[in-house]
Structure formats: C-alpha cells, structure tokens
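Remarks on the structure that follows.
The values are calculated or read from the model by the stated rules, or taken from the named source; none is laboratory data. Please read all numbers here as calculations on a predicted model, not as lab measurements. Methodologically, a virtual Cβ is constructed for each residue, glycine included, from the backbone with ideal geometry; neighbour enumeration extends over all protein chains shown. Side chains included, ligands, DNA and RNA excluded: accessible areas come from the protein's heavy atoms. Shrake-Rupley method; radii C 1.70, N 1.55, O 1.52, S 1.80 Å.
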Amino acid sequence: MDIRHAIHPDQAEALDTAGLRRHFLIDTVFDEGGIRATYSHYDRMMVLGIAPAAAGALAFDAALAKVAGSEFFLERRELGGINIGAGPLRVTADGESFTVAPQEALYLGMGARDVTFANVDPSRPARLYANSAPAHSRHPSRVVRQEEASPQPMGALETSNKRTIFKYLHPGVLPTCQIVMGLTRLEGGSVWNTMPAHTHDRRMESYFYFEVPAESFVLHLMGRPEETRHLMVRNEQAVLSPPWSIHSGAGTGSYAFIWAMAGDNQSFADMDFVPMGELR
C-alpha cells in the first residue's frame, strides 16, 4: 500500500524530477502473486494491480479495508478493472462468478464483501489493472466485453494521433456510481494521446500505460497549461493526474493506455480545452 497526498500546483511547479515522480508516478503497479495498491487523496481514487499467482486465489485483505476506514474494502466503494494479461481471470464476488477475458472489463458494485481473483489457466496468467472510488449507491456487478465498449475512432495519421477509445465503464454502457474507465489504443505510426490538451477541474484522472516496448517510453505531459512539466513513463507504470493538470503525451512508438476518472460528474465531454498556442 502506498498513500499519495494531494499537491497544490504551486508546490508541483517547484518540484524537481525526483519530486514529480515521487508524487505523481506509480512506477510499480503489479507485484506478481499479489495485490498492490496506491491510495490517492485526489477524489480518494485507488489504483490497484491484481496479479494472481499460477495457482491459488487472491483476496482483498484487512489492510485495504483499514485504508478505506470500513469493515471490508468495497463496503462503501466500487471497483472497475481491465484484464491486460495473457489469459482469462476468474472473479468471485459473494458467490457470483465472473470470467474476464483479456481486453475485457469488470465492474464490482458497492457492497461486494467476499471477493477473490484467480487464473483460469495458470499457464496464461491474468493481470487486472483496477481503479476503485468511493460510492454512495449500489449497481450490479458485471463483465463488459470489448465490443460493448462503444469504440470511438479519433484522430488522424497526419497528426500522429489516430486511435480508438473504448469506453468500458461509462453511462452509455452500464450504470456506476461515479467511476468512469476506458482504454485507448494508438495505431501504428501514431504516438500522441489527448492532444489538443484539456483539463477538467471537476474530476481527477489516472493513466496506466502498457504495451510500451522495452526500449521505449511515453513522455507524459502534466501541470497547469501555462506551467507544464513532464514524466518519462515506462511499460506498466501509472500517473496520477490532478484536476488542475493537463494529461497528454507522446511515445517513442505506439502504445495503449487505460484511463479512469472520478469526481463530480461522469460526462466524458466535460473538458476545458486548452488552445495549442497557450501551452507553455
């Protein structure tokens, strides 16, 4: 468990590279055979890497419940996750079983008490990247297939940002209390994501970069539009994006990333776009 406190933009602009990475970069998301969690004070979002061992099952423990201040972890929380592993994941929640194939998403509603995660095929381990946010209402748990995730093509090769956005946990797909989550995949020859840049002061966001080749990286842009900073992000690392920050980037090659938001609303279009000429 790692706990990250909220940072004022004035403080962020005074940080050196090590300080920016310490506060905003999650450099290790997965521990093989375990559950690794980072708790952010931005909208109380939690980032989790769930990687069951070849055999056996993982379960939420008392440490997660303690951080949430509840009897059990999801007593007042909901969780969304996307399987980025090689094989399917079997999730059991209060006796109900779900099979989450690679590139599929899982939603667990508030109140799920007894939750376990296990590989269906130990020779093809699953890896669930997940986000959890506080909830005040309960919605049904379910699996979302990739074809259900309202794929939305965007960008163009001419601007190096041709990509497809998959909105897995989104009001148009299923009801959630506040968490919104999806996956963006760039096409070959495209490297830019979320440009032109924007902010949304009503929601925080987390970015998880994956399928980044070993010798490549993504240059993640953050900060206030007039005072931008950057983070060098490698494969399977995540970034916490404050509400006051832009969140954009470019890679040395194609990649994919998972985004998740929590805050005042669930409107994907609620963005304050920044004119290109105003970025500094």
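If you go through region 81-90 and keep only what is within 23 Å of Glu211 (Cβ to Cβ) and assigned to a strand (DSSP E or B), you end up with Gly81, Ile82, Asn83, Leu89.
When the criteria are applied in full, Ser40 fails the requirement of being at pLDDT 95 or above and open to solvent by 20 Å² or more (accessible area, probe 1.4 Å).
All conditions but one from (1) open to solvent by less than 60 Å² (accessible area, probe 1.4 Å); (2) assigned to a loop (DSSP other than H, G, I, E, B); (3) touching a Gly at 6+ places or on another chain (Cβ under 9 Å) apply to Phe73; the one that does not is (3). Checking each residue in region 209-265 for being more than 14 Å from Ile26 (Cα to Cα), small (Gly, Ala, Ser) and in contact with a Ser or Thr (Cβ under 8 Å, 6 or more places away or on another chain) picks out Ser216, Gly223, Ser245, Ser248, Gly249, Ala250, Gly251, Gly253, Ser254, Ala256, Ala260. Checked against (1) open to solvent by less than 10 Å² (accessible area, probe 1.4 Å); (2) in contact (Cβ under 8 Å) with a residue 40 or more places away in the chain; (3) of a type in the set (Val, Ile, Thr), Val143 passes all but condition (1).
Scanning region 109-140 for residues that are open to solvent by less than 10 Å² (accessible area, probe 1.4 Å) and touching a helix residue (DSSP H, G or I) at 6+ places or on another chain (Cβ under 9 Å) yields a total of 1. Number of residues in region 187-210 that are farther than 19 Å from Met261 by Cβ and either among the small types (Gly, Ala, Ser) or touching a residue at least 60 places away in the same chain (Cβ under 8 Å) (or both) equals 5. Listed by position, the strands (runs of 3 or more DSSP E) inside region 1-64 whose residues that are under 24 Å from Gly249 (Cα atoms) number at least 3 are 34-40, 46-51. Within region 211-231, the set of residues being out of contact with any Lys or Arg (no Cβ under 7 Å at 6 or more places or on another chain) and either hydroxyl-bearing (Ser, Thr, Tyr) or open to solvent by 70 Å² or more (accessible area, probe 1.4 Å) (or both) comprises Glu211, Ala214, Glu215, Ser216, His230.
The rows are residues; the columns are (1) farther than 24 Å from Gln178 by Cα; (2) over 17 Å from the mean Cα position of the chain (by Cα); (3) at pLDDT 95 or above.
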{"residue": "Asp201", "(1), (2), (3)": "no, yes, no"}
{"residue": "Tyr209", "(1), (2), (3)": "no, no, yes"}
{"residue": "Pro213", "(1), (2), (3)": "yes, yes, no"}
{"residue": "Thr228", "(1), (2), (3)": "yes, yes, yes"}
{"residue": "Ser241", "(1), (2), (3)": "no, no, yes"}
{"residue": "Ser248", "(1), (2), (3)": "no, no, no"}
